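Everything below concerns the one structure shown next.
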Amino acid sequence: MGDSGTAIDGAVRDWGTLRERYCARMQRGAALAKDKVVAPDDVVALLEAVIEPGDRLCIEGNNQKHADFLAECLAEVSPERVHDLHIIQSNIALAPHLDVFERGIAERLDFCYSGPQGLRLSRLVKEGRLKVGAIHTYLELYGRYFCDLTPNVSFIAADAADHEGNLYTGPNTEDTPAIVEATAFKSGILIAQVNRIVDRVPRVDVPGDWVSFVVEAPRPYYIEPIFTRDPAAITEVQILMAMMVIRGIYEKYGVARLNHGIGFDTAAIELILPTYAADLGLRGKICKYMSVNPCPTLIPAIESGFVEGIHCAGSELGMENYVSERSDVFFTGRDGSMRSNRIFCQIAGHYSDLFIGSTLQIDLEGNSSTATLSRITGFGGAPNFGSESRARRHGSESWLMAGREAHRGNGMPRGRKLVVQIVESFREGLSSTFVERLDAWKLQESFGLPLPPVMVYGDDLTHIVTEEGIANLLLCDGPEEREQAIRGVAGYTEVGMARDPEMVRRLRAKGAVSYPEDLGVDKRLATRDLLAARSIKDLVRWSGGLYDPPARFRNW
Amino acid sequence: MEHLEFSFDHGSMAPANDFAHAGVVGSGNLEVLLERAELSGRCEAVVDTAIRGYERTWHKVLSDFVTRQGLADVRISINDGGATPAVVCLRLDQAAADLKGAPA
């Protein structure tokens, strides 16, 4: 008798409304499809047929690949037929993502990260045309897909599909599994844009019976090489900070499993592993397993035997062949290409020994944020990677040592994940990284957010690395010491110059503040000669010609 | 351009070498020359900088440097192309290590 007709207290409730609605949507949509395949010109009509007012809708789009053709089609539907949508997606990056709010098709937004659309997003909020539910972390939003924000309709992007709807995502699987699982198994409509329709896909990443409709987009999905950093732009101050990280943190704690954020600061660390860290005898002791995208600046560390295993949230343009030829290091499919998955990468990083990343502002409690006054950006993966993993139970040298420093024999022995922010005291334009009060507070006010948008909370943070030195917050007793340890590495900013020199001296004596000379770091080595690769071309050479950088990074 | 001059009380360590040089003049960079000089134990500094208005920061950076390195009888000459204090400190310390002849 199916789902319906169960009686509770005499009332008859229909338990299959979602499924019934799915069948009705599919029936309307099937009129425009041949099997599962819809022609590109019919997609706007398809969306008007299957989307219902008030639907929760997710457009796949992340740091890299985007279901951009479907996003453009959604922006073209009639607002009379499709309206009041609640958009629930990780990334707001493309103009059509916000066109749907300008045109009155969507009204609510729950998301993780906005990037280049941040200014326009804040204007739409001010004009009252877009209501922000919350700015989530990735894992948090995916979690809500399986809880109170399950999509009714999702658009995803894949490399190829066959006629039964089996999908091949290629190396950029990223968010696809999370979106697909939540949508397909709660009676949602799943529409995939693919670069090509083929007779047989190289590997099945999404089974065809989970997919409602497939369209071969007029052009390949949009993809961005956001993890590529040109070694030519790495400064000597960044090299100095990288040396301090290796001696003062990686060597000290024996950090074997970690996550690197993106940016030149962490690229500098990666590029001195084969030189500086190798000379210190640290090969096989640090940086063995990483949760990070295949950043080209990792190539020398892989080739020289430092990094043994890497799981990726997504791929990186130009790294496909290199990754494919290093299947002992990367996770790859039977077809030879990489398999990525943002959720698993986030989980691996969350339970590893260390996160290190950069930020724009840090306050005197150690709270940090990349949110600045004029734009809503969000944080992507950093808050999940960059938080203490309180549920962790397995030991490691690093985790146990950090736990001893944090608890110092008081109460139940615990381990501690290392959460590190690496910053120069002044950013470009001589604005200070260290502030008494984060811009996040004003942002909360202007956008009516439930809390100030903080990226990494101060009580999750264990170390701050600047050009001046390292503050080890685990060794600070109380908020006053914590504040002075932060001031003690804040350089010649107002915050740094207002330090209490006597207290900083005491903190230095107990290791809560360390300067290069305390760490055995010789500043004379902080030159670009220390980089294992000094240009993109050097990276290509290290890869034996397997790395194929995008045209914009080729300057030879 | 701005021309600044500073003088600092003497420290303890007379340099091992006659001079040391670090860095290049360029945007966001600077050139530092340290020379042994008879200054009755004092250190003197001249700064030519492309950016005006940072006299207080220069004084603090240089005073900290002389104290940190314990230098005496050293003349410091700087040509600055708008370096951040981070770069200035790095160059000063690199030059000081060479001037002292400390092992690498």
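The values are calculated or read from the model by the stated rules, or taken from the named source; none is laboratory data. None of these values were measured; they are calculated from a predicted model. In this analysis, Cβ positions are derived from the backbone assuming ideal geometry, glycine residues included, and neighbour counts consider all displayed protein chains. Remember, those area values only see protein heavy atoms, side chains included, never the ligands or the DNA or RNA. Shrake-Rupley method; radii C 1.70, N 1.55, O 1.52, S 1.80 Å.
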- prompt: Looking at this structure, is A:I356 open to solvent by 20 Å² or more (accessible area, probe 1.4 Å) and touching a helix residue (DSSP H, G or I) at 6+ places or on another chain (Cβ under 7 Å)?
  reply: no
Exactly one of B:D9, B:D93 is among the charged types (D, E, K, R), touching a helix residue (DSSP H, G or I) at 6+ places or on another chain (Cβ under 7 Å) and touching a residue at least 12 places away in the same chain (Cβ under 8 Å), and that residue is B:D93
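Here's the yes/no breakdown for (1) in a loop (DSSP other than H, G, I, E, B); (2) within 12 Å of chain B (Cβ to nearest Cβ); (3) of a type in the set (V, I, T):
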| position | (1), (2), (3) |
| --- | --- |
| A:A471 | no, no, no |
| A:I486 | no, no, yes |
| A:V540 | no, no, yes |
| A:P549 | yes, no, no |
Quick count over segment B:48-59, residues being away from every other protein chain (no Cβ under 12 Å) and of a type in the set (G, A, S), is 1
Residue pairs qualifying under the 6 Å Cβ cut-off, at least six apart or on distinct chains, with the first in segment A:48-71 being in the same structural domain as A:I87 (by the TED database) and assigned to a helix (DSSP H, G or I) and the second being modelled with pLDDT under 95 and open to solvent by less than 10 Å² (accessible area, probe 1.4 Å), are none
From the option list B:L92, B:L33, B:L62, single residue qualifying as open to solvent by less than 20 Å² (accessible area, probe 1.4 Å), more than 10 Å from every other protein chain (Cβ to nearest Cβ) and not hydroxyl-bearing (S, T, Y) is B:L62
Scanning segment A:505-536 residue by residue, the ones that are part of a helix (DSSP H, G or I), within 14 Å of chain B (Cβ to nearest Cβ) and open to solvent by 10 Å² or more (accessible area, probe 1.4 Å) total 11
For B:H3, the lone unmet condition from (1) in contact with a Ser or Thr (Cβ under 9 Å, 6 or more places away or on another chain); (2) open to solvent by 30 Å² or more (accessible area, probe 1.4 Å); (3) in contact (Cβ under 8 Å) with a residue 60 or more places away in the chain is (3)
Of the conditions (1) of a type outside the set (D, E); (2) within 14 Å of chain B (Cβ to nearest Cβ); (3) over 23 Å from B:S63 (Cβ atoms), the single one that A:P479 does not satisfy is (2)
Taking first residues from segment A:1-28 that are surrounded by 14 or more Cβ atoms within 10 Å (Cβ to Cβ) and among the aromatic types (F, W, Y) and second residues anywhere that are in a loop (DSSP other than H, G, I, E, B) and modelled with pLDDT of 95 or more, the pairs with Cβ under 7 Å that are 6 or more apart or on different chains are A:Y22/A:S187
Taking segment B:65-87 and keeping only residues that are facing another protein chain (nearest Cβ under 9 Å) and under 22 Å from A:G520 (Cα atoms), one is left with B:R68, B:P85, B:A86, B:V87
By residue number, the members of segment A:85-109 that are open to solvent by 10 Å² or more (accessible area, probe 1.4 Å) and small (G, A, S) are A:A93, A:A95, A:G104
Looking across segment B:6-30 at residues that are assigned to a strand (DSSP E or B) and among the hydrophobic types (A, V, I, L, M, F, W, C), the single one that is most open to solvent (accessible area, probe 1.4 Å) is B:F19
Checked pairs for segment B:19-31, first on the phi < 0 side of the Ramachandran plot and of a type outside the set (K, R), second part of a loop (DSSP other than H, G, I, E, B) and surrounded by 19 or more Cβ atoms within 10 Å (Cβ to Cβ), C-beta under 8 Å and 6 or more apart or across chains, list as B:N29/B:G23; B:N29/B:A83; B:L30/B:G23; B:L30/B:A83; B:E31/B:G23
Quick count over segment A:368-409, residues being open to solvent by 30 Å² or more (accessible area, probe 1.4 Å) and among the β-branched types (V, I, T), is 2
(message) Any residue that is in contact (Cβ under 8 Å) with a residue 60 or more places away in the chain, away from every other protein chain (no Cβ under 14 Å), open to solvent by 10 Å² or more (accessible area, probe 1.4 Å) and touching a Pro at 6+ places or on another chain (Cβ under 7 Å) - is there at least one of those in segment A:237-257?
(response) no
Residues of segment A:291-312 being open to solvent by less than 10 Å² (accessible area, probe 1.4 Å) and hydrophobic (A, V, I, L, M, F, W, C), in sequence order, are A:V292, A:C295, A:L298, A:I299, A:A301, A:F306, A:V307, A:I310, A:C312
Residue check: is A:V82 open to solvent by less than 10 Å² (accessible area, probe 1.4 Å) and touching a Leu at 6+ places or on another chain (Cβ under 8 Å)? yes
Does at least one position in segment A:494-508 carry a residue that is modelled with pLDDT of 95 or more and either in contact with a Leu (Cβ under 9 Å, 6 or more places away or on another chain) or among the hydroxyl-bearing types (S, T, Y) (or both)?
yes
